[in-house]
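Presented below is the structure to which this report refers.
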Amino acid sequence: MTGNRERKLLVPVTGTRTAGKRATPSLAKRIAPRENRDHIPLEEYVQARLVQLGETLARAASATFETRFHLRNAELWILAQLGGKEPLAITEISRRAHIDKAWISRSSGALIRRGLVRRTRHPSDSRVILLSLTPKGEELLSRIAPVSRRRHDWLLRGLPKRQVYEVLDALQLRAEALLRDPDF
């Protein structure tokens, strides 16, 4: 991270010593695997742990939203992207949700059949399909929002929210840098 986008993380990463107290081990030492630091198992790398975390959260979302609202994760993402916004092209939803365009197209078909989403052609480019919420879709999204909020709040309960978001922002910036330089 460089320039204006660099952020100072508030999570201490080094040991500290206070008068009369033993040094607190650094965060890195507390969470690092016990193996030789020159050989960290691949499953302990941050990127692997984040993928595992993402998959766990996706499974948890499926368990809740499929049961309560009969929505698969991709369908939920589509509704979320369309909520309170102008109609969006399938390609734009795909980009924002980080889900394959073909998967968005297939998933939107189920939402259209349920009367939650409508499909229209772009007014100036007939090749582009736009999606928007129907009143029924808006109503469903309004019922989903408090459930999502409770899950969000529970997940962050007891954690320093500002620091969590600062770490996520920093990791996002670094992940984007890896995309720009895959040989890094």
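The values are calculated or read from the model by the stated rules, or taken from the named source; none is laboratory data. Everything quoted here is computed from the prediction, not taken from an experiment. Neighbour counts run over all protein chains shown; Cβ positions are idealised from the backbone, glycine included.
What the table shows:
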quantity	calculated
Residue match in the range 44-64 (condition: of a type in the set (A, V, I, L, M, F, W, C), within 26 Å of residue 105 (Cβ to Cβ), modelled with pLDDT of 90 or more and over 15 Å from the mean Cα position of the chain (by Cα))	yes
Any hit, the range 162-176, residues being modelled with pLDDT under 95, more than 18 Å from the chain's Cα centre (by Cα) and either farther than 28 Å from residue 89 by Cβ or not acidic (Asp, Glu) (or both)	no
Number of the condition not met by residue 23 [criteria: (1) over 19 Å from residue 116 (Cα atoms); (2) modelled with pLDDT of 55 or more; (3) loosely packed, with under 12 Cβ neighbours inside 10 Å]	(2)
Single residue of the range 78-95 satisfying the filter (surrounded by 14 or more Cβ atoms within 10 Å (Cβ to Cβ) and among the charged types (D, E, K, R)) that is farthest from residue 55 (Cα to Cα)	92
Residue count, the range 151-160 (criterion: assigned to a helix (DSSP H, G or I) and surrounded by 11 or more Cβ atoms within 10 Å (Cβ to Cβ))	3
Exclusive hit being surrounded by 14 or more Cβ atoms within 10 Å (Cβ to Cβ) and either out of contact with any Leu (no Cβ under 8 Å at 6 or more places or on another chain) or at pLDDT 90 or above (or both), set 104, 31	104
Residue list for the range 69-96, restricted to those being more than 15 Å from residue 144 (Cβ to Cβ) and assigned to a helix (DSSP H, G or I)	90, 91, 92, 93, 94, 95, 96
Matching option when the condition is acidic (Asp, Glu), surrounded by 13 or more Cβ atoms within 10 Å (Cβ to Cβ) and over 28 Å from residue 71 (Cα atoms), among 166, 138, 176	166
Some residue of the range 107-124 being touching a Phe, Trp or Tyr at 6+ places or on another chain (Cβ under 6 Å), surrounded by 13 or more Cβ atoms within 10 Å (Cβ to Cβ) and in contact (Cβ under 8 Å) with a residue 12 or more places away in the chain	no
Answer from 78, 40, 93, 99 - the residue that is touching a strand residue (DSSP E or B) at 6+ places or on another chain (Cβ under 9 Å) and farther than 16 Å from residue 139 by Cα	93
Some residue of the range 127-134 being part of a helix (DSSP H, G or I) and either hydroxyl-bearing (Ser, Thr, Tyr) or free of Cβ contacts under 8 Å to residues at least 40 places away in the same chain (or both)	no
